[in-house]
Number of protein chains: 2
Amino acid sequence: MFEKLPLLLFSVILAIFGLRGCLAAYSYTTQWINVPVDHFSFANNDTFKLRYLKNDSFAFEPDSAVILFYAGNEGDIELFAQNTGFMWDAVADHSNRLNAELIFAEHRYYGQSLPYGNKSYNSAKELGYLSSEQALADFASLLQEINPGNRRPVVAIGGSYGGMLAAWFRMKYPHMVLGAIAASAPVLQFRNITPCGVYNRILTSVFSTAYSNECSDNIRKSWAVLRSQSETDAGRALITRKFHLCANLTKHEDIGDLIDYLNDMYSNLAMANYPYPADFLAPLPAYPVREFCWRLKGKNLNDTQLVESLAEAVSVYSNYTNKVKCLDVKTSTTEALGTRGWDFQSCTEMVMPMCSDGDKDMFEPEQWDFKKYSDDCFKKFGVRPRSEFEMITRYGGYQIDSATNIVFSNGLLDPWSGAGVLRTPNNRIKIVIIPEGAHHIDLRAKNDKDPQSVRAARQIHINTIKEWLSQN
Amino acid sequence: MFEKLPLLLFSVILAIFGLRGCLAAYSYTTQWINVPVDHFSFANNDTFKLRYLKNDSFAFEPDSAVILFYAGNEGDIELFAQNTGFMWDAVADHSNRLNAELIFAEHRYYGQSLPYGNKSYNSAKELGYLSSEQALADFASLLQEINPGNRRPVVAIGGSYGGMLAAWFRMKYPHMVLGAIAASAPVLQFRNITPCGVYNRILTSVFSTAYSNECSDNIRKSWAVLRSQSETDAGRALITRKFHLCANLTKHEDIGDLIDYLNDMYSNLAMANYPYPADFLAPLPAYPVREFCWRLKGKNLNDTQLVESLAEAVSVYSNYTNKVKCLDVKTSTTEALGTRGWDFQSCTEMVMPMCSDGDKDMFEPEQWDFKKYSDDCFKKFGVRPRSEFEMITRYGGYQIDSATNIVFSNGLLDPWSGAGVLRTPNNRIKIVIIPEGAHHIDLRAKNDKDPQSVRAARQIHINTIKEWLSQN
């Protein structure tokens, strides 16, 4: 189960963002540049077209305008442009006096930036150039082209994996970027530098405190109940009926898909635990974890009661609009959004160990098993992670003393926050803790319901950008 | 001509170092680690064995010993280990109290670190993984293995291209290396940040001042004399006889090889302009440029006199031992030492523009012509430089304000010094100018003839390393 978690958690961010209805909210031109498929070797000299989006209508002195550069994530860049309201708000708010243009760079192999067109995912031969370092080099090539000689200052901005990229871009290409705002960037979710169980403990804590700790207690109990119920015809029928499953449970093993679905759901609910309704591919209410947990209260529920309550709670996530006919646990809501690419990245460099013990967290115990993880990857793609230490070797893990001009922001309601940078290594890395914040809420558009800590975080971002500019 | 210069100048360093007679002077164990052929992509998952040399006999507290890490150049690492006496002197001198072990890492595709064995140079398919970024990633993998968790401090050291790598390693992997001593590292010899004529002007100045400026004046005159003499039978016979050429000049065009030879020679003499005899593959006297120029003095020499004097002067370089029977201008003294690899690097990423005007320098005028350069590369290897800006995009050019803990040392007798970092961008980059220094003389073993400025430079290196360690 948890071997799969990192693959899914990141992509779901896109789902959170995936409010296709608001795609017209911001305007931009779509542009393309040619970049090498392989920036670091010369055995393959192919090039491809990388997409980026541009808005310079807020730059009141274009020749000296700052570039706010979104470091694209594992998905279609339009979704990020439309859903990183912070950047649009920052330039539109005249009181900021920020003479800036916006650039949103698409990450290779996602959206429309496919090096080998519709063959890009055929095999490791085509897909092998999907890596964070290659993506950073794309960003460098793009900036070399649109900002020759680095004459105008650039600030990188990103959330989640994009936040990691923004921070790493500042570390690896400090001559091209004055600073980076890295929101909810779990740059420490690697071997031995963050315990593998931290993610699930924070997640559990979010569910313990949103309404009452009966919620996480009931979740912890639910796994055994679901598994034992699934062993009898009557139990399978109960689960099928209560959850409105599209496909009947016909045998014991079928419960696995529901269990995977639930595990994903808990992460997604916590990441999107915003104080206002937000549209997933399916919509969510404000404070969805509280809504969920309110339905899963009660002590000493018997098996049937637990299944009933859980099924009702799940409907907050699966059917908030009441329009979904049945629950299809096999269809990820995020399938269209780069999960295959992220799968591959997780199997090569982005190995983020996860585990649970069922005691300090509400999940079924599962150890981190690198060998099994690697074997699964080999089955899937014919590749293995090069090592568990790859990303620490590459980017330094927590040894980032020499990095400067990065803001690491983390919401304490975000399970990824445990792997964020929470202590500054020097006087030029800023840490912003958002006690009431879920996954990079600070990069979202402002909202009347935003708690004070989120508003303050955004103001820190703006002030820090100005501070960097004034020191430049 | 000058399109060829960067290819040759770097490799000749090896020749300067190539004192095979002293190979036993320092002792070490030879070790190997497996590294990926391609660190940044996953289309090719081959691995190969990278060689490194190790001496820990001077580490008096092995568990906490500093690693002095030589960032291997474009050649066999044993030559560098044997000829970077500074490192051996540093650990052997007990008064330094430097608890350190020495590691010399071989650069991929040179020496015995051949990713595809004797097929490594077959075509761009095998050779394409020869790049500076891949070499730096090799160094990172090596350190990850021998120094897990970066528990012991590491200082990178290198000269010339190795100096560039040492500096870049600190910039790109600051978590793995506390600081870098970059000697005679022309990190600014790239498009538009150092004028293409600077190298030849410094070279000319070295020849103007070593004995008298008649030397550079006569060199400047010599090109036309050689070319016009080569147009007649009598002239060709004169040149053949005076230079003791192994192959008679039989036609006008034959003079080209001698002219190429001379151009290489001037660079080599200046780089190796040490105050004591040093062994090339052919040996050189102390202050070889002075020895050369003493033989090329005189005003208003007629053509025959100029040919005679030049030929005599050239023998300082070509036949100092009087054992060479004839001058073979087609055989580079450095052929065995990685020139093919450097040729490839120059045709892909290491594009270092060179030019001359025959007025401010003593060479035949030749403009920098990137298109012609690129076309020549395509003919040779089927590859072209990706862009003239490649290395500036990658490593920042002169925009290295955020780099820290690097010493850039440059000798003013070294033609490469014009493209060195000569002004500090901040208070943690140290600049060491060695007025009496040729090409990275400060990394050579101490010698009674060393001028005070060279001794002082070495002391600064030692003190700076200790300073970094004390701040760690």
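The values are calculated or read from the model by the stated rules, or taken from the named source; none is laboratory data. Note that the coordinates shown come from a computational prediction; the quantities given were computed from them, not determined experimentally. Here Cβ is always computed from backbone atoms with ideal geometry, including for glycine, and neighbour counts include all displayed protein chains.
If a residue has to be in a loop (DSSP other than H, G, I, E, B) and farther than 22 Å from residue B:323 by Cβ to count, how many in region B:260-282 make the cut?
So the count comes out to 2.
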Is at least one residue of region A:375-396 more than 12 Å from chain B (Cβ to nearest Cβ), out of contact with any Lys or Arg (no Cβ under 8 Å at 6 or more places or on another chain) and part of a loop (DSSP other than H, G, I, E, B)?
no
I'd like to check something: does region B:229-242 contain any residue that is part of a helix (DSSP H, G or I), closer than 24 Å to residue B:357 by Cα and not aliphatic (A, V, I, L, M)?
yes
It is to be established whether one or more residues within region B:447-454 are within 28 Å of residue A:172 (Cα to Cα), in contact with a helix residue (DSSP H, G or I) (Cβ under 9 Å, 6 or more places away or on another chain) and at pLDDT 95 or above.
no
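Considering only residues of region A:169-187 that are assigned to a loop (DSSP other than H, G, I, E, B) and more than 13 Å from chain B (Cβ to nearest Cβ), which is nearest to residue A:418 (Cα to Cα)?
Only one residue tops the list, namely A:186.
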When restricted to A:81, A:137, A:124, A:71, the only residue crowded, with 21+ Cβ neighbours inside 10 Å, within 14 Å of another protein chain (Cβ to nearest Cβ) and of a type in the set (A, V, I, L, M) is A:137
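Quick grid of which residues meet (1) charged (D, E, K, R); (2) not assigned by the TED database to the domain that holds residue B:136:
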site: B:375; (1), (2): yes, yes
site: B:381; (1), (2): no, yes
site: B:399; (1), (2): no, no
site: B:422; (1), (2): no, no
site: B:426; (1), (2): no, no
site: B:454; (1), (2): no, no
site: B:458; (1), (2): yes, no
site: B:462; (1), (2): no, no
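Within region A:31-48, which residues are farther than 16 Å from residue B:124 by Cβ and out of contact with any strand residue (DSSP E or B) (no Cβ under 6 Å at 6 or more places or on another chain)?
Step one: of region A:31-48, the residues farther than 16 Å from residue B:124 by Cβ are A:31-35, A:48.
Matches in region A:31-48: A:48 only.
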Just name the residue that is nearest to residue B:38 (Cα to Cα) out of those in region B:63-117 that are hydroxyl-bearing (Ser, Thr, Tyr) and touching a strand residue (DSSP E or B) at 6+ places or on another chain (Cβ under 8 Å).
B:116
Matching residues in region A:433-469 - criterion: being closer than 14 Å to residue A:159 by Cα and surrounded by fewer than 21 Cβ atoms within 10 Å (Cβ to Cβ):
A:445
Which one of these does residue B:248 not meet: (1) more than 28 Å from the chain's Cα centre (by Cα); (2) without any contact (Cβ under 8 Å) to a residue 12 or more places away in the chain?
(2)
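Let's see how each residue does on (1) in the same structural domain as residue A:410 (by the TED database); (2) under 25 Å from residue A:417 (Cβ atoms); (3) at pLDDT below 95:
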position: A:245; (1), (2), (3): no, no, no
position: A:264; (1), (2), (3): no, yes, yes
position: A:293; (1), (2), (3): no, yes, no
position: A:328; (1), (2), (3): no, no, yes
Which condition does residue B:407 not pass, out of (1) of a type in the set (Val, Ile, Thr); (2) within 10 Å of chain A (Cβ to nearest Cβ); (3) touching a Ser or Thr at 6+ places or on another chain (Cβ under 7 Å); (4) not in a loop (DSSP other than H, G, I, E, B), if it passes all the others?
(2)
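State all residues of region B:283-308 that are part of a helix (DSSP H, G or I) and under 26 Å from residue B:439 (Cβ atoms); if no residue qualifies, say none.
Scanning region B:283-308 gives B:288, B:289, B:290, B:291, B:292, B:293, B:294.
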